[in-house]
Amino acid sequence: MAVLPNAGADALLMTPTPLADWLVVAPAVLPLLVGAFLIIVRKRLHWQAPVAITTLALVSLASIALLARVWSEGTLVMTMGRWLPPFGISFTVDLLGALFAVANSLIALGCAISASRRVIRSSRRYGYFAFLVLTAAGVNGTFTTGDIFNMYVWFEVFLISSFGLLVVGSTRAQLDGTMKYGVLNLIGTTLFLIATGLLYGIVGTLNMADIMRKLPLIEAAPLMTLATLYLLAFGMKAAAFPVHAWLPASYHTPENATSAYFGGVLTKVGVYALFRVLVMMFPVQLLELQTVVAWVAGSTMMLGALGALAQNDLRRMVGFQVILGVGVMMAGLAIGSAPGLAGGIFYALHSMVAISAAYLLVGVIERRSGSASLNALGGLWKDVPLLGAIAFVLVLSLGGLPPGSGLWPKVMLVQAALEAGRGWLTAAVLVSSLLSVIALGRFFLLTFWRPSSTESRSKHDGTPRVLGVLTVVAIVMGLYPEPFVAAAVRASDGLLDPAAYINAVFGEQG
Amino acid sequence: MKTLIFRTVAPYLTALMLLFSVFILLRGHNEPGGGFIGGLIAASAFAIYGIAFGVPATRRAMWFHPIAIAGTGLLIAALSGLTGLFSGTPLLTGVWTKSPIIGFDISNVIIFDIGVYLVVAGAVSSIALALESTEDNH
Amino acid sequence: MEAVMSLLVGCFFAAGVYLMLSKAIIRILIGIVLFGNAVNLLIFTAGRITREAPPVIAPDMDRLTGIAANPLPQALILTAIVISFSFFAFLLVLALRTYQELGSDNTVQMRVAEPEGDTLPPLGY
């Protein structure tokens, strides 16, 4: 079995693969295996949550180990099926991918723990945890793959699992939301496929490192069209301004932990893909597109802020905060310089934590008061001061005020935008932050400080541990941002100079 | 679809189609065919059975829940890629073994294809049965 | 040949987009199917249309001799077909459930998740 014929030595990898290299695929393959297992045993309700939580804990450990290795050794590669790149699909993990994979795995773990106590029995039977684990697998696959078509396949893996996650429980609102989410996201990924098909027609390869190598050598090709198509496709997945409508229509409908996971992670997949594809593969075209991206980013931010101001339902308000965050990350893309991209990456990490925590917080408030309407809520500070403190920290984080985690990435972005001479974008970041602080402050004021109008209170169901941990992470990111800033800066350097990425894939060939 | 002719033919048709689907699956190793198309044929076989005898009878005849079949297939397909763990090769590397007893080579490629067959057969028949069962309600 | 295929792809896209602009869910779904088929044809055309031999290595050789067809676009199309097929099947079941629950397949009337006339948040304390 291990004796390989020498015939294909110029097409096949001949050196044995060390066991440690399997770390590269572990964050995607491990949850895939366990997700399949959970589907088989979906009737055994008491197995589902423990197995899912254990798996996601292992996946988190594997992602952290992967991050540590990438941090010390640089980009890691594993090419499927022993075919040398670009023939085999290369899983290529650079710092950006590893960072996002760690964040995704940890937040999936948090949401699984949070869901384990609450997901209603019927939805658990229909495989809630199997879908959650498979969605995490798809997202991790997207973050770790180095092949553009494979990225499309991982997109579809997490998309179809997320349909399941979204519709589990099958309330009328969920069916309505899932229908819109499903159709619009399917169109978005089809656009991704169109762009990829045309790209293959031009470059003749799908390996991203190979594309980065070959695209600059190609003259007279409709590359601008391709870059715009990718911008549209990933912008749709990220819920950027003109193509955002599916998000406010669906993210508030499912089980709370699902909303937390979706709002925290799934839109960031679109942002990640934008960073990966536009910055690394189409840098020249991105320069031309920067004004468009800046407009999109600015209007997304303003839409998110104004939408959050107009919502009465807390969950829908958080939904617009998600959109606002996407706008801020895209501002990093619009600036395009290293500090700008670093700010965008740091903001994405902050947003994953803070948005998930915000959805979980809304869930606790909803269970406590039986309502998520700003008109009905009140007096929670007296009842649960700890929850009030958590809410206060999250309000500061999301609004970008010290000591919350949102402050530093916004400072980085504003600085970078001013350096790049993008005054309007700076204004949009600052004004949308102000509006968002008003919306969030009103939420805090009305929900916690206003005297309660109703007396009926349901009993509090345990301390929200996951919410507490996420809040602590948010404070840590705000008070001690150095490691995150350093990681984001290194990740953005890797994006702007793809030589290391290309060398990691093709190094053995010279 | 309660006509006598259809109800008489359906079991034979289902059995034949299932047999044919396995043939297509195995043929796919070296010639046109494969797990996906085989799985589709198997799923159509169950769909025909469902049209003739109703969804509950089909579920009983399938014995396993279609979603469980799909999950098993996914697990088999994913596991088949892991053979590289033991031979020092990357994920999804093809491994062939000579087996003098049964007269043909066994590889993880065919195991992967069997996994695909089960995924497609399970997932598509579960969707077909879902569509058929809602028809019965009306 | 490429020109004819491009025209065909264009017709598929036009029909798909037209159907997706409809209000009825079922038409949108059919539009998505046409859209997906247009993409498959597009990848097929982008992968160059050739009339060469299949890329099968003869038993006594260890590499291809002569020009052979490129199998990769076909593999991509197969993947895309499988994915779009499963998505369509899922969305079809979902559309049926939605129709049964909401009593409408008109997207304008589907306002359960975002109810019309939702109250504004309070303006004062």
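Data table
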| read-out | value |
| --- | --- |
| Anchor A:Lys410: aspartates and glutamates whose Cα lies under 17 Å away (excluding residues fewer than 8 positions away in-chain) | A:Glu419, A:Glu482 |
| Hypothetical label at A:Val411: residues of segment A:341-364 whose amide nitrogen lies under 19 Å (7 Å Cα-Cβ projection) | A:341-351, A:354 |
| Inter-chain shielding of C:96-103 (mean C-beta neighbours from other protein chains, 10 Å cut-off) | 5 |
| Under the Karplus curve 6.51 cos²θ - 1.76 cosθ + 1.60, θ = phi - 60°, whole-Hz ³J(HN,Hα) for segment C:85-90, x wherever Gly or Pro sits | 5, 5, 5, 4, 4, 4 |
| Cross-link reach list, aspartates and glutamates versus A:Lys180, counting only Cα pairs under 13 Å and skipping chain neighbours closer than eight places | C:Asp105, C:Glu114 |
| Neighbourhood net charge (13 Å Cβ-Cβ; Lys/Arg +1, Asp/Glu -1) for A:Asn312 | 0 |
| About the Cα centre, charge dipole magnitude for chain C (Lys/Arg +1, Asp/Glu -1 at Cβ), debye | 200 debye |
| Overall Cα dimensions of the protein assembly as shown - principal axes, largest extent first, Å | 81, 68, 51 |
| On Cα atoms only, tilt of A:283-310 relative to the major axis of chain A in degrees | 10 degrees |
| Summed residue charge, Cβ within 14 Å of B:Leu26's Cβ, Lys/Arg positive, Asp/Glu negative | -2 |
| P(r) of segment A:167-302 over all Cα-Cα pairs, binned every 5 Å from zero, in whole percent | 2, 10, 18, 21, 16, 12, 9, 7, 3, 1, 0 |
| Under 5 Å, built H, 5+ apart or other chain: amide partners of A:Leu12 | A:Leu84 |
| Shielding of B:65-77 by partner chains, average beta-carbon count, 10 Å | 4 |
| Rg(Cα) / (2.2 N^0.38 Å) computed for segment A:284-479, rounded to two decimals | 1.06 |
| C-alpha center-to-center spacing [segment A:185-201, segment A:33-97] in angstrom | 25 Å |
| C:Ala14 versus A:Val469: modelled label distance in nm, points set 7 Å from Cα along the beta carbon direction | 5.7 nm |
| Integer Hz, Karplus 6.51/-1.76/1.60 couplings in order for segment A:261-271, x for Gly and Pro | 5, 5, x, x, 10, 5, 5, 5, 4, x, 5 |
| In order through segment C:49-63: 3J(HN,Hα) via Karplus (6.51 cos²θ - 1.76 cosθ + 1.60), integer Hz, x for Gly, Pro | 8, 10, 10, 9, 6, x, x, 10, 7, 5, x, 8, 10, 10, 8 |
| Virtual spin-label span in nm between A:Val431 and C:Ala3, 7 Å along Cα→Cβ | 5.1 nm |
| Size-normalised alpha-carbon gyration radius of segment B:4-136, reference 2.2 N^0.38 Å | 1.20 |
| 5 angstrom amide H check on A:Gly146, placed H, neighbours 5+ away | A:Ser90, A:Phe91, A:Thr92 |
| FRET E, pair A:Asp497, C:Ile57, Förster distance 35 Å, beta-carbon r, rounded to 0.05 | 0.35 |
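A short reminder: the numbers here are calculations on the coordinates, not readings from a lab. If you're wondering where the values come from, they're calculated on a predicted model, not measured in any experiment. With ideal geometry, Cβ positions are generated from the backbone for all residues, glycine too; neighbour counts draw on all protein chains shown.
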